[in-house]
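Note sheet for the following structure.
Read-outs: derived from the displayed coordinates by stated rules, not from any lab. Every value quoted in this text rests on a predicted model; they were computed, and no experiment measured them. Positions of Cβ are backbone-derived with ideal geometry, glycine not excepted, and every protein chain shown enters the neighbour counts.
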Amino acid sequence: MKHVGKFILRAAKEKGKSLRALARESGVSNCYLSQITRGYFMPTPEILLKLAPHLGVTPRKMFEEAGWLKPKTPKKSKAKTK
């Protein structure tokens, strides 16, 4: 299982947000968010959906980081060569 908490911490830091600010903005309790980032709990899809817009990532990215979806691979172009 992936540790989505590390991703949340990194994304919050990149946005210049503290966990307390992220908790306040997203409506997720600071205590619960802290426990997620320390790896004590795996957040539910609903929690990830609440956090995603405040971290500037898509819900899909959150689910990928949680290990629930495989990362999308870029499609290969079908360019013709001579």
Item checked: Contour minus Cα-Cα distance for R60 and S18 (0.36 nm per residue) -> 12.8 nm
Notebook entry, point to check: Summing +1 for each Lys or Arg and -1 for each Asp or Glu, what net charge is found among the other residues whose Cβ lies under 14 Å from the Cβ of S18?
Noted result: +4
Check: Picking from V28, G16, P74, whose Cα lies most toward the positive end of the charge dipole for the chain (charges on Cβ: Lys, Arg +1; Asp, Glu -1)?
Finding: P74
Check: Which option, [x] 18, 50, 17, 8, 6, 2, 0; [y] 13, 14, 12, 12, 11, 9, 8, 7, 5, 4, 3, 1, 0; [z] 15, 24, 23, 16, 13, 8, 1, is the value of P(r) over Cα pairs in 10 Å bins from 0, in percent that was calculated from these coordinates?
Finding: [x]
Notebook entry, point to check: Using the reciprocal of the averaged 1/r over all distinct C-alpha pairs, how large is the Kirkwood radius of the range 1-46 in Å?
Noted result: 10.6
Check: Considering only Cα-Cα distances, which of the following residue pairs are longer than 22 Å: K6/K50; K17/K50; K6/K76; K13/K61; K15/K70?
Finding: K6/K76; K15/K70
Notebook entry, point to check: Based on DSSP H runs of at least 4 residues, each adding -39500 (n - 2.57), what is the mean residue ellipticity at 222 nm of the chain after dividing by all its residues, to the nearest 500 deg cm²/dmol?
Noted result: -16000 deg cm²/dmol
Margin query: So for the range 4-66, averaging the separation of alpha carbon pairs under 8 Å that are six or more residues apart and normalising by length, what relative contact order in percent results?
Written below: 38
Next item on the list: Please find the FRET efficiency linking Q35 to L69, where r is the Cβ-Cβ separation and R0 is fixed at 25 Å, and quote it to the nearest 0.05.
Entry: 0.60
